[in-house]
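Just below is one structure, and these are the notes that go with it.
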Amino acid sequence: EYNIVRPKGYTVSYHATSEMEKHHFGQTHPMKPWRLTLTKSLVTAYGMPFAMDNYNTRHATYEELNSFHSSDYLDYLATAAPEDQPRDLDNPDKDVKFNLGGSDCPLFHGLYDYCSMSAGTSLDAARKICNKQSDIAIAWGGGLHHAKKSEASGFCYINDIVLAILELLRLYPRVLYIDIDVHHGDGVEEAFFSTDRVMTVSFHKYQPEVFFPGTGGLHDNGPKSEHNPGAHHAINVPLNDGITDEQYEHLFTSIIGKVNTHFRPSAIALQCGADSLAGDRLGRFNLKVEGHAACVRYCKSLGIPMILFGGGGYTPRNVARAWAYETSIAIGADQNIPAEIPQHAPWRQHFVHDTLFPTLEQSMSEPRNNKNTDKRLRDIVSHVHEQLRFVQH
Ligand code: TV7
Ligand code: CA
Ligand code: ZN
């Protein structure tokens, strides 16, 4: 009923599985896998699946996970059960093995299945890009950027992004990783710290001691040693509370535009964490769906093969709005979908306001004060531009 048609001349693939969405981190835990259900139902209500190749994804194999993660970590992840973790109720995060079983990264039933499905989604997306069957591959179930080689961190157990980028590197000489989640993409940055084939750029709230994970300062640009090819290949854009669409879009395009001309990526991996939206339960920014999505639109305009990953996002109705709208941008249907949430969308009542584009006032009772001065943002851009003088591919 909407005017959604297959884009001419390019292919978008959508990688998901309804199995992932059934898992629970625990009653009060902010990470709600059913936000993926809500996203899929909105994408479907708008008729977008007709314009994409839709894949039901499989579990990643142990060997695939092992291409980044250590065997001792994976073995523990595969066998640890919730009841193995006698909790010290006064000190719930104390001494947990591989950081598993604390309150951020609890052990829950089906954890290994959940992790291997998230990774399977992202690996399938990467393979479709590598064999040129997709120009844009979408993996909203991935984007778990904090996981380390031998450690869970910040709701992330398996770093599906690192696995997908490793897959892209088999074919593509250079991969640009961009991270618009409100948190620093530390796990991905660390994994590629010593190579000049991956440049990582994370935009995030930065207030060490107070805001997780506390890394990603402006001057953290990769190993300083002259002999390390990865030097200058980590870009960090530390921000304060309350940044607006206008400021963010300007920052994003001036930084990514310059990165594109200096680094000349052959593929892009874009983590679209939706906790940078206004009204997020954990986030602190004032971005609207339009501002968040402008990043996807800009990356698409570069005409480089791209994977879109999910990530954070703790107000499920807004996560679904952003990722559904960003899916429409991928297929070039953003002009053709009505802003009104379709009448027949299941879960319609969950959206509270019946529009894809709530105003700031609709997203939160009191918009945050914007603590980002234009002067500070100009200084950030000029530091990044200086870093890029060292990068010439
Ligand atoms: C990618 N913030 C992940 C972002 C990971 C953020 C944190 C929580 C949190 C956890 C809960 C919970 C919470 C309301 C919020 C230092 C601590 C403080 C746990 C209470 N409510 C992504 C990780 C971050 C768990 N962790 O980038 C169970 O907030 O700040 C911390 C660490 C120790 C642990 N405590 C928080 O978006 C996917 N956690 C309620 C129940
Ligand atoms: Ca980020
Ligand atoms: Zn986040």
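The values are calculated or read from the model by the stated rules, or taken from the named source; none is laboratory data. The model shown is predicted, which means the values in this text are computed figures rather than measured ones. Backbone-built Cβ (ideal geometry, glycine too); neighbour counts: all protein chains shown. In case anyone asks, the SASA skips ligands and DNA or RNA and just uses the protein heavy atoms, side chains included. Shrake-Rupley method; radii C 1.70, N 1.55, O 1.52, S 1.80 Å.
Conditions (1) part of a loop (DSSP other than H, G, I, E, B); (2) open to solvent by 60 Å² or more (accessible area, probe 1.4 Å); (3) touching a residue at least 40 places away in the same chain (Cβ under 8 Å); (4) aromatic (Phe, Trp, Tyr), marked per residue:
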| residue | (1), (2), (3), (4) |
| --- | --- |
| Arg317 | no, yes, yes, no |
| Tyr325 | no, no, no, yes |
| Ser328 | no, no, yes, no |
| Ile337 | yes, no, yes, no |
| Pro342 | yes, no, yes, no |
| His350 | no, yes, yes, no |
| Lys375 | no, yes, no, no |
| Ile380 | no, no, yes, no |
Some residue of the range 307-329 being under 21 Å from Ala16 (Cα atoms), among the acidic types (Asp, Glu) and at pLDDT 95 or above: yes
Criterion violated by Leu302 - all others in (1) under 19 Å from Ser134 (Cα atoms); (2) surrounded by 22 or more Cβ atoms within 10 Å (Cβ to Cβ) satisfied: (2)
Strands (runs of 3 or more DSSP E) enclosed by the range 126-241 - at least 2 residues per element that are away from ligand 2 (no atom under 16 Å from the Cβ) and open to solvent by less than 20 Å² (accessible area, probe 1.4 Å): 136-139
Residue pairs meeting the criteria (Cβ under 9 Å; at least 6 apart or on separate chains; first closer than 15 Å to Ile138 by Cβ, in the range 285-300; second open to solvent by 10 Å² or more (accessible area, probe 1.4 Å) and at pLDDT below 95): none
Complete set of residues in the range 290-315 that are part of a helix (DSSP H, G or I) and hydrophobic (A, V, I, L, M, F, W, C): Ala293, Ala294, Cys295, Val296, Cys299
